[in-house]
Every structure is written in C-alpha cells, then in structure tokens.
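See below for the structure under consideration.
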Amino acid sequence: MKPKDKKTKFRYVWNFPGFGGWTAIFFGFLYIPIFVLVCYSFNSSKFAMIWTGFSFRWYTKLFSNDDIQSATINSLIIAFSAAPLATIIATFSALAIVRGGEFRSRELSNGLITLPLMVPEIVTAVATLIFFASLGINFGLMNVIIAHTVFCIPFAYMPIKAALEAMDPNLELAARDLYSDKPSTFRTITLPLLTPGIISGFMLAFVISIDDFIITLMVAGGGSTTLPVYIYSMVKMGVSPEVNAVSSLMLVFSIFIVTLYWIFNRKINN
Amino acid sequence: MKEKVIKLLVSISLLFASSSLMAAGKLNLYNWADYTPDALIDKFEAETGIQVTVDTYDSNETLLAKLQAGGGSTGYDLAVPSQHFVEIMIKEGLIEKIDGITGMSNYKYVAEQFQGPSFDPTQEYSTPWQMGSASWAYRADSYSGNGSSMMEFFKPSDEVCGKVAVFKSPEEVVNMAHLALGSNFCSEDPNEMQAVMDLLIEQKKCVAVYSSEGINERLMSGEVIMHAHWDGYSQVGKWEGVDDLTYAYPKEGVVGWFDSLVMPKGAKNVEEAKAFMNFVMHPENMAILSNFAAYANAIPESVNYLSDDMKNATNIQVPDGIPVKFGQACNKESQALVDKVWTKLMQ
Amino acid sequence: MNIQGENKTQNRILSLLPLWIVIGIFMIGPLLVMATVSLMESNVYGGVHFKFSLSGYQQILFDTNLFDEIEFNPAYIIIIARSFVLALAATFLSLLIGFPAAYYISRQSNRVKNILIFLVTIPFWTNLLIRTFAWIIILGKGGVIESSFNFLGLLDKESSLNLMYTNTAILIGLVYSYLPLMVLPIYASLEKMDVRLLEAATDLYSSRIELIRKIIFPLSMPGIIGGSILVFVPCLGAFIAPDLLGGGKKLLLGSLIQFQFSYARNWPFGAAMAMFLLALVILILIFNAKLNRRHRKYEAQR
C-alpha cells in the first residue's frame, strides 16, 4: 500500500485542480475556429453564415476557377524556388557556424540569420517594397522569390543546426583517421547524417513560404498573386463558402506537411 | 533519387519558362473587385486564345499606390482607373501612350460625346469601360428616411447609427461631403476642408466599418443598413436578393465617375492589351459588362444586347433634377488637404 | 597545419558568403533604403522627392494642420499607445490562458507531452490570414456565436451582439494568432523543472498558492519573458487582425504603416513609422538580452 500512497501524493503535488480542464479549453480555443471554418466549407448555401446542407459544390467549383489555379501555381513556383534556395544557404551557413570553430564573424553571421525573425513582418514588407521600387527591380515572380528566400533562411537553418549539433564529431574524425579525405568524409559521413535535418529545414521553409501573406501582398505585382493574397481579396468581398473551401485546403496542406515533418523527426530521434 | 531530383528541377524550370518566357498570349488585368464578368473573360479567351489573369483592388488610391510602387513596371497590362485618376496617371507618367486607339475596329461604336473625353482629349491613353455614380444605399425596410438628402448619410439618425458603413478611401467620400456642404470639389480653402473633416469625424461615431469591398454582402447580412455605394453595384445587390436595397439620389447630387481601360507603364503584353481594349468596345461585349456590373456605358448600340433586368434597373436611373457631378483631378495642394483629412479621420 | 588553417578559413568564408550576400543585399539593403526614404520629402501622388527632409519623423509628433500651421498632433501618439495597450493586453491574456496549459503539458508522460506540444505548434505553421478570418465566421453578424445565442433563445433574430469591428475582436484575433508562441517557451522552461523541488516544498508545508508563487513561477520566468516578447513584438506590428476584425476604423502601428503605402501614399512618413517600430523592437530585444544575461549569471552563481 505504501508505495501507491506515495505515488498519489506525487500526483497531488504536481497537479493543480482545474489545469487539465483549462488545457482542454485552451486546445478548444486553438482548434474550434479551424474546425468551424472547415465545416462551413461544406455548406451548400451561397451565404457563408447560413447552413442549409452538406455539399461538395464549393470544392468542385474551385477546380473551375482559373484565378485560384494560377494563384496556386504561383504559390508553388515561389515555394519550390525559395525553399531550396533558403535551405542551401542555411546548410552552408550551419556547417560554417557549427563546425567552423570560433571565428570573428561567427556572432555576426548568427545575427544575420536571425535578423529576418527579429524585424517585424510589416517592416520587412514595406522595406522590400521601397527597395524594389526605388531600384526599379521588377522581375515579376522573381521579386517575390527573393523576398521569400530571405525570411525562409532562419526557418530552414534551425533544424539543420540542431542536426549538426546532435551529430557526433567523432564519426567524422574516425573516418578521417581511416584515411578518408575531407571531401569524401563529407560526402559519405556528414551529408547522409545531415540529410534528415536538411529535409526538415526544407519542409519548414516551404510551409513558411506557402503561407506568407503580408510581404507577398506588398511585393507582388501583376501575374504574381499567390494563394494567400487571392484569399485575402476574396475575404474582403465577404466570407463565402468558396473562400472557406480554398482556405480549408490550404490549412490541410500545411498541417499535412508539418505532421510529416514531425513524424519524420521523431523517427530520427528514436 | 538523383533522377527524381533532376525531374523535379526540370519541371520547376519548365513552370518558370511557361510563366515568364511565354508571356505572349497572356494578359494581366488589374481591376476593381467584382467588376470583371467571367463571361466576358471567357468569351475573350475563346475568341483570341489569350489567357487573362485578373487581380483586384478596392480604390483608385490603391491602384495609384501600386503603380507608383511598381517602379516603372508593375506586371499589369491593363488597369481601370476613374477619369480624374487617368489624368493624374498621365501627368505622373504612370501609364503608356497607346498607338492607334482611334483606329481600332470597334472605336466607331463609342458615342461621339465620349470620343476624346476631357481627361484624354486626344484619346491616346484610354478606352471606355463603365460609368456610374457614387452616393449611398440603404435597406428601405429597416430605414424610415427616403434618401433625399446627403445629410441623412453624414448625420445618421439614431435608428441607423452604428449601422453605417463608408468607403475605405477618401476620394468619393470627400466629394460626397462637399456635395452635402455645398462646397466645391478639389477645394483648396482650409475652412471648407475643416468643415468636411468635422462632418466626417462626427459621422464616424455612427460608422461600423470603413470598407469598399463586400458591400452587398454586408447589407445583405444586415450588419449595416446604410452603406456608401455605387449605383450599379447596388443594383447587383438587389438582383442578388436584397430586394429593399435602395440607392439614394439626394437633392444635392451624386458623384459621377467614368472608368477607362489604361495600360500601366512597362506593360509587357501590349498587343494583347490592345486586343482586349478593342474587344470591350464592341456593343455585344460591352453589354455583357453592363449586364453584369449594372452600370451605364459609352457604347449606345449596346442597348440592343442589354438584359431585361438591366433595362428595368431602378437604382441606376437618375431622377430628373438630380445633378451628377464628376470628380476632378485635384492639384497637389488640394490633394494634400484631402489626404490630411483622411489620415486624421482614420486615426 | 598552417595551410590547413588557411584552407579552413577559406571554406568558412565560401560557405558563409551566400548568407552574407542574400541577407546583406535583400534584408539590410532594404532597411537602409527605407531609412533613407524616411529622410526625404513626400510626393502627394506617391513616391518621394529626392530632397532631405525630417518631415517624416516630425509628423509623428507635430503636424501641419489644414491651415498649414504646425501644431502638436497627439493622433499618432494615440495610435502608438493603442497598439501598446492592445499588445500588452494580448500578451497578458496569452499568459493567462497559456501558462496553466503549458504547465499541464509539461507534467505529462513523454509520449503525451510530445503529441500535445505538436498540437500547440500546428496552428503556428498554418496560414495566419485564414486563422484570423475564421473568427469572422464566429464573431460576425449571424455567425456561430450569434446563431447559438439565437438557438438558446438568448437573443432575438433581429438584434445583434455587435462583436465584430471592435477592439475586443482585434484582441481576440491577436491572442489567437500568437498564443502558441507564449506556450512553447514556458513549456520549455517548466519541463526542465525538478519535481523534487515541489515535493520538498510540500513536505515543508507550503500551500498550493505558495508552490506556484515561490517555485513554479520564478522557475518559469525565462520562459514567461521569452514568450511575452514573442507575443508582444508581432502584436505591435499586427496588420491582419485589425484589418479584418477591426473594421479599419482604428489604426494600429502595423496598419498605419501599411496605410501610408496604399491609400495615403506618404512613403517618408510610413518609412519613419516603420523605423520607429523597428527601433522599439530592437530596444525590447536588447532589454531581453540583458535580462537573459543576468539570469544566466544568477544561475551560475547558484
């Protein structure tokens, strides 16, 4: 009896009454709006707020909407360009910063990487707008890709850095002791071990790019409207089941990638 | 693995190529929200094979800001500013001079009084889109007034206070306030502008939201009863089921506007844009536009193709004796005053 | 050895070069250009005149009125103050909602913990715009809240609760947007907490309240401060929540800046406001770094 007694006492000490219920409310607060949005996307009524019945019609309508399709293609082109660029830059930076030992520009480089996280998004957006406008740089989608690459770098960097730090440097040393030269050590030992981190970084950068709104809104010109910017213009016209449908798809897509990232990372950690 | 990566890269670069190199056969139209009928775009695409992409904005000011920020190239091939903004954009060098508008095959359909309009006398920059007026509309079932005075909008009675909505941008609202107060558009008199500002600030106490988009949706839900509105767009609201939506023609008058197609500086698809301009001037196509947006147009023969709904549209018929005063391009001094009034109002 | 060292430096520089170039040109570059533009004269129709002027900054405090006289103008101070109050309120509410949840999660088994924390992070990775406009469906006229009130007979069909287009709506939107950023750091610091501390304290007859006040709270302080900053800073520059839920009637710092680049077309003033916001954020971050350093010192001394 005694040990059990002790256990209940532990419980008693850790747990505060009501915290469990509060946490349930907390998760409710986080997820109910998302849930409501998805539910209402199946509303057959033309008016978002009045429920008249279950229907897929708004989803089928999406597939005949050219504007949504071209916005989706733009979003994908941008994310598939910005995320790899950001990941490559982040990988090289992480290698230099984590493995480069102590050097003078290390703090500076660290600061540079986190800078896009520190500066409020609206400031970045406005600054980039002024920058492109006053230099007369207008390469259409390229402008948006450049802007996205910049703020995706820190997100790609985080998992890569973590993976590098978790890596046992003895492995590389051992490989080198076995007369493997530096480039081949990198290729046969470092890179394979780092790949999961790089893939994770890519996924995060990808999600961040796909979801970005404010910077794209300010920087995008004709023909480079992305899905979030298009959704914004739809929301401004009033919330309709069609907006709910395209938004639900976006939500599900982001959640899918992040879940993939999570499962992937758990596998590695195990 | 390697093959997959290569395949992926190839397909991405193909996507790129298709989006940038093969720009020919594409047209980027930048238009007001809810102002471009799908039917019109579909017909144009079917006739010419040109792919049209439409982006939207909510005010002349937003369009002007976007063109300014574009640094000489916005990526848009066509935009639809109102008459006075066409004038400003010409002055600021933001739109292209277009060769041969008067020689276009459908130009002959344009009514004579709209050929070479005051804002583009030589017809080198613009072709007509739609025209109408700005005032305000109300749900007649929920409001006891009759819309005969502009002051009903600016000094809302208790029954509608808190259920009034106003455009997000100053241009038309300030002109409506000028009409209410009996002062002139583009006033440079600080005292008059002070009166405008006082009126707007007083009105703000009853304003639920400042927005130029989703107006009919807001009126339909009953979120607001009175909304700054355009004549045709309010008619569309009526068609969509807000039966009691009534457009006010106050005795002080309404603010007239004339929207035109123009080509922003640096437009890449010049020929496609010109084809679209010509296409829109055809009576049949202009009628598609009017049947959708419910505004009047400058192509008299389009009458033959108008729907019965459009012919019987009550909100767009200007009653006798109600003046329609067109917005003018203000000089910088007065424009600066308008901006100041609006910034003060928005804080 | 020497040769290898040189090689290493060379590699390092080569690896970091892309970062320096990209961030240097496309992040620091724009900030510098913006700083320059904030010191120029505005053009009424948009863009700038290339002429030095402090009017962008001057306008934050003093404004020429319609009669072209310079007068003290509290309007922007009010906007700044409003942003501060809303951001503070959002931070405080996030703490209130997030702390018990973070604590509860930190005390679960490893498996449950991982899943719950993952659930906390999911909203952060989804589109902020979409998450915010979901609240229109909930708060709006005839939305989820009003129709449930109707259903329960608490509200008749004709009347409205007028939840939308208010400061409360903006506040809800802000808390909702950034709540995960409050929970994660608090969780991180609570997770490290040694339960034996609590046991010892209870053995010494500490009450529940005292446990929270004297042990849990101080130990989670770094997390609370970190989380507060992560919530407070983006709230200061928020644009989506005030735009969609506030009805555009009351500007906040973020929307004021955006306003200058759309309707108002006053670039120098918008740039000056952005510089001001940036300076505020930098100050907050420096303050945070100082706090962290002190905390680390304190930890080291113990």
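Number of residues in segment B:33-68 that are away from every other protein chain (no Cβ under 12 Å) and either hydrophobic (A, V, I, L, M, F, W, C) or crowded, with 21+ Cβ neighbours inside 10 Å (or both) equals 5. Would you call residue A:225 in contact with a His (Cβ under 8 Å, 6 or more places away or on another chain), in contact (Cβ under 8 Å) with a residue 40 or more places away in the chain, at negative phi and among the hydroxyl-bearing types (Ser, Thr, Tyr)? No, not satisfied. Looking only at residues in segment A:69-89 that are under 18 Å from residue A:213 (Cβ atoms) and more than 14 Å from chain C (Cβ to nearest Cβ), the one that is most open to solvent (accessible area, probe 1.4 Å) is A:73.
Of the residues making up segment B:69-82, those that are modelled with pLDDT of 95 or more and open to solvent by 10 Å² or more (accessible area, probe 1.4 Å) number 0.
Segment B:229-347 holds strands (runs of 3 or more DSSP E) entirely within its bounds, and those carrying 3 or more residues that are surrounded by 22 or more Cβ atoms within 10 Å (Cβ to Cβ) and in contact with a Pro (Cβ under 8 Å, 6 or more places away or on another chain) map to B:254-262.
With a requirement of 3 or more residues that are charged (D, E, K, R), the helices (runs of 4 or more DSSP H) lying completely within segment C:240-302 that satisfy it span C:267-301.
At least 2 residues being more than 14 Å from chain B (Cβ to nearest Cβ) and buried (at least 19 other Cβ atoms within 10 Å of the Cβ) is the threshold, and among the helices (runs of 4 or more DSSP H) wholly inside segment A:202-270 those reaching it are A:241-269. The residues listed here are A:117, A:129, A:112; of these, the one that is assigned by TED's automatic domain parsing to the domain that holds residue A:232, within 30 Å of residue C:33 (Cβ to Cβ) and open to solvent by 70 Å² or more (accessible area, probe 1.4 Å) is A:117.
Residues of segment C:130-185 that are more than 10 Å from every other protein chain (Cβ to nearest Cβ), closer than 22 Å to residue A:39 by Cα and part of a loop (DSSP other than H, G, I, E, B): C:163 alone. A Cβ distance below 7 Å, combined with a sequence gap of six or more or placement on separate chains, defines the contacts here; from segment B:103-127, residues that are touching a residue at least 40 places away in the same chain (Cβ under 8 Å) reach residues that are open to solvent by 60 Å² or more (accessible area, probe 1.4 Å) in the pairs B:109/B:301; B:111/B:300; B:119/B:87; B:125/B:97. The residue that is least open to solvent (accessible area, probe 1.4 Å), counting only those in segment A:15-62 that are of a type in the set (Val, Ile, Thr) and touching a residue at least 60 places away in the same chain (Cβ under 8 Å), is A:34. Quick check: anything in segment B:184-191 assigned to a helix (DSSP H, G or I), within 13 Å of chain C (Cβ to nearest Cβ) and more than 27 Å from residue B:222 (Cα to Cα)? Yes, the conditions are met somewhere in segment B:184-191. In the condition set (1) surrounded by 19 or more Cβ atoms within 10 Å (Cβ to Cβ); (2) farther than 14 Å from residue B:277 by Cα, residue B:98 is compliant with all but (2). Regarding residue A:93, is this residue open to solvent by less than 20 Å² (accessible area, probe 1.4 Å) and either in contact with a His (Cβ under 9 Å, 6 or more places away or on another chain) or in contact (Cβ under 8 Å) with a residue 60 or more places away in the chain (or both)? So residue A:93 passes the test.
Being open to solvent by less than 60 Å² (accessible area, probe 1.4 Å) and farther than 19 Å from residue A:15 by Cα is a property that holds for residue C:80.
Against the test of being more than 14 Å from every other protein chain (Cβ to nearest Cβ), in contact with an Asp or Glu (Cβ under 7 Å, 6 or more places away or on another chain) and buried (at least 21 other Cβ atoms within 10 Å of the Cβ), the options B:132, B:145 yield a single qualifying residue, B:132.
Please verify whether segment A:122-144 includes one or more residues that are of a type in the set (S, T, N, Q) and either more than 8 Å from chain C (Cβ to nearest Cβ) or within 15 Å of residue A:90 (Cα to Cα) (or both). Checking segment A:122-144: at least one residue is of a type in the set (S, T, N, Q) and either more than 8 Å from chain C (Cβ to nearest Cβ) or within 15 Å of residue A:90 (Cα to Cα) (or both).
The values are calculated or read from the model by the stated rules, or taken from the named source; none is laboratory data. Fair warning: this is a prediction, and the values are worked out from it, not measured in the lab. Cβ: placed from backbone, ideal geometry, glycine included. Neighbour counts: every protein chain shown. Ligands, DNA and RNA are excluded from the accessible area calculation, which covers all protein heavy atoms including side chains. Shrake-Rupley method; radii C 1.70, N 1.55, O 1.52, S 1.80 Å.
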